[in-house]
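These notes concern the structure reproduced below.
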Amino acid sequence: MYKKSRNKINIGLIGLGTIGSGVAKFLMARRGLLLKRTGIDFNLSLVCDKDLSLKRDVFLPKGMLTKDTDKVINDPDIHIIVELIGGIHPAKEIVIEALSKGKHVVTANKLLLASEGEEIFQKAKISNREVYFEASVAGGIPIIKAIREGMVSNRFSSVFGILNGTSNYILSSMSSECSSFKTALKEAQSKGYAEKDPSLDIKGMDSSHKLAILSLLAFGKRVDLDDIYVEGIEDISNLDIQYAKEFGYGIKLLAIAKCHGNELEARVHPTLLPLEHLLSSVSGAYNAIFIEADLVGKQLFYGQGAGKLPTTSAVISDIVDAGHKIICGKNSVKQIIPKDSEIKKLRKMDEVVTRYYAHFSAIDKPGVLANIANLLGRHNISIASVVQKERREAHIVPIVMLTHEAKELDMQAALSRINKLPAIKKKSIVIRLEK
Ligand code: HSE
């Protein structure tokens, strides 16, 4: 049981889906524990969902559940609104309205923050309220608090990681079980990792939403979603996973933000990583974020990036932060979003320099490899290693290579000329490589 406390904070929860029911259940079950640990009594006072008839894994006392969002937002006793309905509308209107009614907001809504963040944070500022969003990136991993507070004295040079559990689950099971893409996706959906629309996961969009949020925190740079280069994992085949392994690499969907002086590059795409890289051993639906900053050096954050309980843990940590702000009048850092960015512009994808894996499907006859190498050379691309595999289909051989560092613009120009060679029989596969 919990003792009565003068520091009582009332919470209104909007959205009683998978995460919402976890948050409701553990806010009530851990009320005493939270009071002991924080000195604040967190009281779940109202819960709103559009469907009251659904069976849920949480028992709510009579009168706590309503269909009426306004009843929650307008309740003068509620201090914190937790938005867990997802999507842009009506989540945006709910958050804006809650802020104008003087509530602090906790949300797990990455799409909302990545696309409407500017307006929402501006509204929070003029309302003198906060928006907390730990659960929007990497589920249970406290990455936002780590960047915001744990590394507050650092300047960041890169943040990159596996931010989508569904894609990582698919690539891991294609690699270790030789599953097909389709089977692995079905499994990820049945385990509840995938978004309602799984194309957001496999096309890399979910990762780009999370990368936009991390870039804002680490580099103070608001990155427009349209400016992030995004490529998904749909074209990754078991064959490329196998060839990459033979070169000593695994394939991961990475979200990458790197700072070069006053420029930032932000991109999401499948990436070859050395098998001995720490991120290569992150398998299944796990997420991991690799950070390089000037004082801490290299850091790796690893954990469950999706699912009911890890996300519940992150949402409750935000509720505690909001409670602390209400009781003490301030956060441990003055600005949740840094305002001192040195980043002036986003580097265009054409200018990005990286290494590449390339897989050409060519007719097996003299001079073909020489033609490909010649076109690469003419575009300043130097080959690091090359293997021609045995024929898999009549007269067609896979030519697989790794390049040294090259500019994306040059690679794309070479590729479009190579794809036009009469000896090339399928669209060439190119995957970027990181060390
Ligand atoms: N669909 C997301 C994932 C869930 O697969 O990681 C968490 O944002």
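Numbers for the structure displayed
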quantity: Reach of Lys345 by Cα under 16 Å, taken over aspartates and glutamates that are not fewer than 8 positions away in the same chain; calculated: Asp224, Asp226, Asp227, Glu263, Glu265
quantity: Sites excluded, chymotrypsin sites (Phe, Trp or Tyr not before Pro) in DSSP loops with at most 15 other C-beta within 10 Å, longest stretch of the chain; calculated: 60-435
quantity: Per-residue [θ]222 nm for the chain (sum of -39500 (n - 2.57) over DSSP H runs n ≥ 4, rounded to 500); calculated: -10500 deg cm²/dmol
quantity: Proximal aspartates and glutamates to Lys427, defined as alpha-carbon separation beneath 12 angstrom and excluding residues fewer than eight positions away on the same chain; calculated: Asp235
quantity: Reference-scaled alpha-carbon Rg (2.2 N^0.38 Å with N residues) for the stretch 8-132; calculated: 1.02
quantity: 16 Å Cα-Cα reach of Lys36 towards aspartates and glutamates, excluding residues that sit fewer than 8 places from it in its own chain; calculated: Asp321
quantity: Violating pairs (Cα-Cα greater than 25 angstrom) within the set Lys71/Lys103; Lys258/Lys339; Lys103/Lys203; Lys25/Lys145; Lys252/Lys339; Lys186/Lys210; calculated: Lys103/Lys203; Lys252/Lys339
quantity: Directionally averaged shadow of the stretch 350-433, computed from the convex hull of its alpha-carbon atoms, nm²; calculated: 4.8
quantity: Low-density loop cleavage sites - trypsin sites (Lys or Arg not before Pro) in the stretch 148-209, where at most 16 other Cβ are within 10 Å (DSSP); calculated: Arg155, Lys191, Lys196
quantity: Solvent-accessible area, 1.4 Å probe, carbon plus sulfur percent, for the chain; calculated: 51
quantity: Label-to-label distance, nm, for residues given as Asn128 and Asn7 (7 Å Cα→Cβ offset); calculated: 2.2
quantity: Principal axis dimensions, largest first and in whole angstrom, of the chain by Cα; calculated: 83, 46, 34
quantity: Residue-normalised accessible area of the stretch 214-257, expressed per residue, 1.4 Å probe, Å²; calculated: 36
quantity: Sites His404 and Leu225 - FRET efficiency at Förster radius 30 Å, r taken between beta-carbons, to 0.05; calculated: 0.40
quantity: Loop-resident sites, the stretch 296-376, for trypsin sites (Lys or Arg not before Pro), counting at most 16 other Cβ within 10 Å (DSSP); calculated: Lys330, Lys334, Lys339, Lys344, Lys348
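The values are calculated or read from the model by the stated rules, or taken from the named source; none is laboratory data. Worth saying up front: this structure is predicted, and the values here are computed from it rather than measured. All Cβ positions, glycine included, derive from the backbone under ideal geometry; neighbour counts span all protein chains shown. Quick note on the areas: whole protein, heavy atoms, side chains included, nothing else; ligands and nucleic acids left out. Shrake-Rupley method; radii C 1.70, N 1.55, O 1.52, S 1.80 Å.
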